[in-house]
Amino acid sequence: MNPQRFWHSLQITSQDMLSNYGLSCCKESRKRFCYALAEDKLPTRCVLVSIFVLFTGIFCFSTEAYIEGPWLWMIASGADIDSDQLAVASEGRVTENLVAAYGVNEGDTVGQLRWTRGRILPTVTCILQWCYSNNVTDVVTKIGLNRNKWIDNHSAYALIDIRSPREQKNVLMGVGSDDSVKIWLNGEVVHVNQVNRRTKGVQDRFRVNLKTGANFLLVKVTDIFWNWGMFFDIYLDREDYTTTLPTRIQQVSLAQQIFEKYRTTLQQSDIQRVLPTVLDRFQDPEIQKFLTPFTIKTVVKNPELLGGFGVSKEVITFIKRNAGIRTMFNDPDFQTLLQNPDAFSEFSMLVTESAPKQLTNPADVDNNGRVNVQDLTYVATHLGEVGQNPADVNRDGIVDIRDLVLVANAMQAKAAAPSG
């Protein structure tokens with residue numbers, strides 16, 4: 001048989017066999033496979049290969065072209081899609097949200113590992129009708145993040161910069177994963193699928209908005225057991241986007257990130273009066289050892305529990321009344337911050353320094369620039385309370401009738417003052 005016809009026949013026969021099994025393989029990868037075989041002109045080996053393909057039904061191939069990268073890669077122990085494995089591995093210095101929002105540089109560290117560039121190939125292995133991809137294991141092993149061929153109970157992070165020539169709305173993207181997957185775009189979670197599955201291509205589709213210029217896309221893929229795979233695609237024409245390695249926008253600490261995220265809430269006058277005291281109390285070593293995510297969530301739901309740690313009634317009431325503070329306390333990144341003394345101290349300093357630098361009238365207990373009946377009411381509702389308290393106008397350690405008189409006198413003096 002003519003060698004060229006033989007290889008063409010093998011190619012068509014293999015393709016037909018795969019089609020019968022509901023599989024597909026791209027033209028370019030078939031071409032590479034056939035050319036690779038054709039380099040060995042031994043008829044015996046050719047026949048053995050063709051028999052192997054036709055009668056065992058085992059075939060390894062690349063699927064259609066997905067985005068290979070290069071991406072920046074990192075791995076960390078743990079396969080819970082809802083837990084922040086980066087925060088654990090870095091002892092709170094780096095979080096998933098921090099990377100997703102501000103990016104990283106090639107060579108930045110997480111524990112003992114460094115963010116490393118690598119291309120992920122869209123390879124799939126099929127045994128009869130059972131197909132899977134182990135391409136994440138392949139790439140992290142090749143670039144040195146993993147020394148073992150098989151690695152279980154880990155999460156892989158792949159970061160890439162999608163450059164858009166203009167603002168684009170409702171852009172369709174696709175991802176396939178083995179196992180669970182979570183995706184951020186420009187710091188916002190845009191897709192999550194907690195699942196235990198194999199992958200041989202795109203399985204989930206979702207839509208996003210791209211801004212002009214850089215768009216950081218972070219993909220997290222977990223591996224519970226055995227294979228570890230990922231496919232990613234953007235359904236745009238090639239002239240509508242490019243991809244490149246990301247570079248960190250700026251060096252931002254965890255404390256700075258949390259402060260900027262909740263700046264509007266943190267700078268409210270009623271919060272500024274009490275929050276520094278709360279944060280100072282939380283830095284007590286006896287309390288800090290209890291600040292686990294579970295206990296924080298429990299306390300946010302039941303602030304009265306803080307009374308057992310000597311926290312004042314005002315602080316407890318403060319937490320109950322401020323939805324913005326409860327939202328911050330429930331933020332996983334804030335919970336990570338609370339367990340890192342250095343980051344917590346930096347955050348407390350940022351909160352304190354952001355307080356309005358202006359002299360206020362002690363009788364203006366709600367710090368709104370006016371002494372009125374609202375201040376009088378506030379003092380009246382806190383009568384009998386002891387300790388640091390805005391309602392303690394004369395700062396004698398207790399809210400009593402004398403504080404009410406001071407507020408009433410201030411209101412009277414304001415009413416008697418001549419207008420401008």
Here the qualifying pairs (Cβ atoms under 7 Å; residues six or more apart or on different chains; first in the stretch 90-118 and open to solvent by less than 30 Å² (accessible area, probe 1.4 Å); second basic (Lys, Arg)) come out as 96/220; 103/248; 104/248; 107/114; 118/142
Across (1) surrounded by 22 or more Cβ atoms within 10 Å (Cβ to Cβ); (2) under 16 Å from the mean Cα position of the chain (by Cα), residue 124 clears everything bar (2)
Going through the stretch 263-277 one residue at a time, which ones are among the hydroxyl-bearing types (Ser, Thr, Tyr), more than 24 Å from the chain's Cα centre (by Cα) and under 15 Å from residue 347 (Cα atoms)?
277
Which of (1) open to solvent by 60 Å² or more (accessible area, probe 1.4 Å); (2) farther than 22 Å from residue 182 by Cα; (3) touching an Asp or Glu at 6+ places or on another chain (Cβ under 7 Å) does residue 256 not meet, given it meets every other one?
(3)
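Return the residue satisfying two criteria in turn: it lies in the stretch 59-81 and is part of a loop (DSSP other than H, G, I, E, B) and either more than 25 Å from residue 109 (Cβ to Cβ) or among the acidic types (Asp, Glu) (or both), and of such residues it is modelled with the lowest pLDDT.
Initial filter on the stretch 59-81 (part of a loop (DSSP other than H, G, I, E, B)): 63-70, 78-81.
Those still in the list that are either more than 25 Å from residue 109 (Cβ to Cβ) or among the acidic types (Asp, Glu) (or both) too: 63-68, 80.
Working: 63: 46, 64: 59, 65: 67, 66: 92, 67: 94, 68: 95, 80: 94.
Residue satisfying both the conditions and the ranking: 63.
Can you name every residue in the stretch 269-300 that is of a type in the set (Val, Ile, Thr) and in a loop (DSSP other than H, G, I, E, B)? Let's see the steps before the verdict.
Of the residues in the stretch 269-300, the ones of a type in the set (Val, Ile, Thr) are 271, 274, 277-278, 287, 292, 295-296, 298-300.
Matches in the stretch 269-300: 292 only.
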Residue that is farthest from the chain's Cα centre (by Cα), among those in the stretch 278-298 that are open to solvent by 60 Å² or more (accessible area, probe 1.4 Å) and free of Cβ contacts under 8 Å to residues at least 24 places away in the same chain
286
Residue 128 being among the aliphatic types (A, V, I, L, M) and within 22 Å of residue 105 (Cβ to Cβ):
no
Strands (runs of 3 or more DSSP E) completely within the stretch 139-205 that count 3 or more residues being loosely packed, with under 15 Cβ neighbours inside 10 Å
168-178
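Which one is farthest from the chain's Cα centre (by Cα) among residues in the stretch 299-334 that are of a type in the set (S, T, N, Q) and surrounded by 17 or more Cβ atoms within 10 Å (Cβ to Cβ)? Break it down stepwise before answering.
Within the stretch 299-334, the first condition is being of a type in the set (S, T, N, Q), and the residues that meet it are 302, 312, 317, 322, 327, 330.
Imposing the further condition that a residue be surrounded by 17 or more Cβ atoms within 10 Å (Cβ to Cβ) reduces the set to 312, 322.
Values: 312: 34, 322: 25 Å.
Checking each candidate, the answer is 312.
The values are calculated or read from the model by the stated rules, or taken from the named source; none is laboratory data. All figures in this text were calculated on a predicted structure; none of them were measured in a lab. Ideal geometry is used to build each Cβ from the backbone, glycine not excepted, and the neighbour counts take in all protein chains shown. These area figures cover heavy atoms from the full protein model, side chains too; ligands, DNA and RNA do not enter into them. Shrake-Rupley method; radii C 1.70, N 1.55, O 1.52, S 1.80 Å.
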